[in-house]
Amino acid sequence: MDKQTKTCRFSVVLVSALFVGFFISPSGANAAASLYVSPASGSFTSGSTFSVSIYVDTGGQSVNAVEANLTFPPDKLQVASPTAGRSSIQVWVNQPSYDNLNGTLNFQGAIPAPGLNTDGGLISTVTFRVKSIGTAVLKFSDSSRVLLNDGRGTNVLGQMTDGVYYLTLPPPAGPIVTSRTNPDQEKWYNTKTVSLEWTSPPDIEGYSYILDQNPVTDVDDVPEGIKTRAVYNNLADGVYYFHIKTLRSGSWGGITDYIINVDNTPPASFKVNISPSRQTSNRRPIIDFATTDAASGIDHYELNITSLDKQLALASQGNNPFFIEAAPPYSRNLDEGRYKVIVKAYDKAGNYYQTEQNLTITKLFFEFIYLEGIGIGEYVIPWIYALPLGAVILIGLFYFAKLLWERHREIEEHLAHGGLKHPSILPGLEELKKMRERFKGYGGRHLAIALIFAIVFSLSMFAGIPAKAAQSQSQATDNVPLQPPVVTLFPQAISNDEILYIGGNAGIPQAKVLIYLQNLETGSTIGETATTDKDGSWFFSFPKFFDAGKYIAWTQLQNGDSVSPPSPRVDLSVAKTAIQIGGKRLSFENLYLVLFIIFIVAFLGLLAYTVYHAYHYNVKKRRLNAMLKEAEESVRRGFSILKRDIEAELNVIRKVKLSKEISVEEKLREEKLMKDLDAVSRYIGKEVWEVEEESGRG
C-alpha cells in the first residue's frame with residue numbers, strides 16, 4: 001500500500017472519529033499530550049534482545065487519534081519481533097510497520113468516542129536485537145501527532161521523550177583480551193594488521209579462538225595451542241569480532257568477545273561548491289562540501305582558505321590557523337583577491353580525502369581569469385574565443401558605421417543640390433530640354449512657362465532645409481630515526497603573480513620543518529622554516545612572488561639536534577602571467593582589464609556614431625524621397641505639356657491636309673512630330689516607373 005493510500009485511510013478514520021467525538025468531547029483542554037518510551041535508557045550487550053514500550057500521555061484530555069513515528073540506528077539495532085502486541089489503540093488505520101534497513105517505526109491508529117484519556121496509554125511494545133556496540137537513540141520524529149477529540153482534530157502533542165541505550169560486549173567469561181593496534185573497541189583504526197594478546201592462567205591446557213564478523217559465535221572445541229598472541233594481516237574494511245575460550249582441567253570455559261573496527265579507505269571523492277560562483281563579487285561566498293564514508297563514516301571536515309595574492313598573504317600570515325574544523329556550508333567575509341580553498345574530509349579512523357578549488361573575489365560583474373578567459377557569472381568565455389570575438393565585433397561595427405556615414409553624406413549631397421539634380425531625375429530633365437529645343441517655335445512659350453513653374457515650385461518646397469548633426473602520519477620517537485615530513489599541500493603549477501604555499505604532516509608536534517626551494521635555471525636555493533602544530537601538521541606561505549621557471553622543493557624534519565633525511569623532491573612550474581618593469585609588476589589580468597576598457601570605449605563610441613548616422617540617414621532619406629517625387633512630378637508635367645502642344649500642332653496639320661495638299665516639308669514635319677509624340681508618351685511611363693523604383697530602393 002503506498003503512502004498516499006495510507007494517508008487517505010488515516011484521514012477517513014480520523015474524520016469519522018472526529019464526527020462522533022464532536023458531540024461528546026470535553027469543552028476545555030488541561031495540558032499538552034506527550035509521547036515517551038519505557039525504559040528510557042539502559043545498557044545491553046551485543047547479541048542480546050530487549051523490549052521497549054511506546055506510550056502516550058493525553059495530559060488529562062480525551063484524544064481519538066495517535067500517530068507515532070520513530071527512528072533508530074539500523075547499524076546498531078534491528079527489530080526482532082514483528083508483532084504490535086497489546087495496545088490501547090482500537091483501530092489501526094495502517095498496520096504498524098518497521099524498516100530495519102532505514103531504521104524506522106510507524107504507528108497510526110484511532111480510538112472511537114469517547115476517546116482515550118490516560119497518563120500511560122500503551123501504543124505498542126517493540127523488541128530489538130543488539131547488532132553492534134555503541135550508543136543507540138530511539139527518537140520520535142517531528143511528524144508524530146496526538147489529536148484531540150474536539151471535532152476539529154487539534155494536535156495537542158507538546159513533548160516527546162526519546163530513549164538512549166548503551167550497547168556493549170558481554171563481560172569476558174574467558175581470558176582478558178587486549179590489543180596494541182586496536183586498544184579501544186569503540187573506535188576505528190586505519191590498520192590492516194591487528195595484534196591481539198590475552199592473559200594466561202598457570203594451569204592452561206589450550207585456547208580455541210576465531211576472528212569473524214559475527215558478534216556471537218560459538219567457538220569450536222579444537223585447541224589452537226597455548227600461545228597468548230595472535231596477529232591478523234591484510235584485513236579488509238569492516239567490523240570484526242575476536243572470540244576466545246580457555247581449556248583448563250579438561251573443561252572449556254566461557255567465551256570472551258573483542259571487537260575490532262578496521263577502516264583503511266579514505267572518504268569518497270567530492271568537490272567544493274562555491275555559491276554564487278567561484279568568481280564572484282560577493283564578499284561572503286558560501287563554501288559547500290559533503291561526502292560519505294562506507295566503513296566508519298565521516299568524522300569531521302577541515303578547511304583552509306589560502307590567499308594567492310601577495311598583500312593579502314602578508315597581511316594574514318601568522319594570524320590564520322593552518323586548518324580549521326568546519327561544518328558545511330561554511331561562510332566568512334573575504335577581501336578582494338584570489339584564494340585557494342582546501343577541504344579535508346576525515347573519517348572516524350583518521351583517513352582523509354583532500355580537494356581544492358579556486359576562488360576569486362572581484363568588484364565586477366565579470367572578471368578576467370588569467371589562464372581561462374572572461375568570467376560572466378558562472379560562465380567563462382576562453383581567451384581563444386573572447387579576443388577574436390571582440391575584434392570581429394569592433395570590425396563589424398566599424399564597417400556598418402562607415403557604410404551609414406557614406407549613405408548619410410550621399411543623401412546630404414542630394415539634398416544640397418536639389419531633387420532635379422538627382423541621377424534618377426536628371427536624364428529625364430535633359431531629354432525634356434532637348435525635345436523642347438526641337439519643338440521651339442511650336443508651343444514653346446507654353447512649355448517654357450510650365451517648366452519654369454515646375455522647377456520654381458519644386459525648389460521652393462525644399463530650399464533652406466539644413467542638414468542636422470549630433471554626438472567594463474607516521475610517528476617518530478627518540479630512539480627511532482627521524483622520518484622526513486610528508487608533503488600533502490603543494491601546487492604543481494602557479495603563476496608569477498601568485499603566492500606559493502607548502503604544507504603537510506610530520507607526525508611530531510612542535511618540531512621544525514626545514515623547507516628548501518631551488519630554481520633549476522639559476523641554481524639559487526632559498527630556505528625557510530615552519531613549526532608543526534600539536535597534531536604534527538605544518539604549513540608555510542612564501543611572502544614573495546617567484547620568477548617564471550622550473551623549481552624543485554624538498555623538506556627535512558628537525559627535532560632537537562636530530563635531522564631527518566631529505567624528503568622526496570616535488571616539482572613546481574611557475575608560469576609567466578605578469579609583465580615586470582623594474583620593480584613594478586603588471587599582471588596580465590590588469591592588462592586584460594585595460595584592453596577590455598579600450599574595447600568598451602571603442603564599442604560605445606562606434607555604437608553612438610552608428611546610431612547618430614542611422615537616425616539622420618532615415619530622416620533625410622524621407623526628405624529626399626519626397627523631393628524626388630515632386631521633381632518627378634514636375635518633369636512629368638513638363639512632358640505632358642509638351643505632348644499636348646505636339647498633339648495641337650498635329651491637329652493643325654491634319655486640318656490643312658483636309659483642305660489642300662501639303663508640301664513635302666510639312667509631311668516631314670508631321671512625321672517628326674509623330675515620332676516625338678510617341679517618344680514623349682513612352683518616356684513619361686518609363687520615367688515614372690524608374691523614379692518610383694529608385695525611390696523604393698532608396
Inset, instruction - Starting from the alpha-carbon convex hull of segment 486-567, give the projected area averaged over all orientations, in nm². - result: 5.4
Legend entry - Debye log10 I(q)/I(0) at q = 0.11 Å⁻¹ for segment 177-262, Cα point scatterers: -0.29
Inset, instruction - Could you work out how far the C-alpha centroid of segment 498-577 sits from that of segment 270-302, in angstrom? - result: 27
Legend entry - Rounded to the nearest 20 debye, dipole of segment 486-567 from Cβ charges on Lys, Arg, Asp, Glu: 140
Inset, instruction - Using a Förster distance of 35 angstrom, determine the FRET efficiency expected from the C-beta separation of Q483 and N358, and round it to 0.05. - result: 0.60
Legend entry - Relative exposure of M627, M160, judged by other C-beta atoms within 10 Å (fewest first): M160, M627
Legend entry - Packing-based ranking, highest mean first, of 560-567, 206-213 given that Cβ atoms within 10 Å are counted: 206-213, 560-567
Inset, instruction - Give the residue from V239, G253, I226 lying farthest towards the positive end of the charge dipole for segment 192-312; charges sit on Cβ (+1 for Lys and Arg, -1 for Asp and Glu) and the dipole is referred to the Cα centre. - result: V239
Inset, instruction - In nm, give the distance between the simple-model label positions of E528 and E665, each being 7 Å from the Cα along the Cα-to-Cβ direction. - result: 11.8
Inset, instruction - Could you tell me, in Å, what Rg and Dmax come out for the Cα atoms of segment 143-286? - result: 25.7, 80
Inset, instruction - Evaluate the Debye formula for segment 518-562 with equal point scatterers sitting on the alpha carbons, no solvent, and hand back log10 of I(q)/I(0) at q = 0.23, 0.27, 0.30, 0.31 Å⁻¹, in q order, two decimals. - result: -0.96, -1.13, -1.25, -1.29
Legend entry - segment 202-353: Rg to Rh, with Rh as the Kirkwood radius over Cα pairs: 1.29
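Read-outs throughout are calculated quantities, based only on the coordinates presented, and are distinct from any laboratory measurement. The model shown is predicted, which means the values in this text are computed figures rather than measured ones. Positions of Cβ are generated from backbone atoms using ideal geometry, with glycine treated the same way; all protein chains shown enter the neighbour counts.
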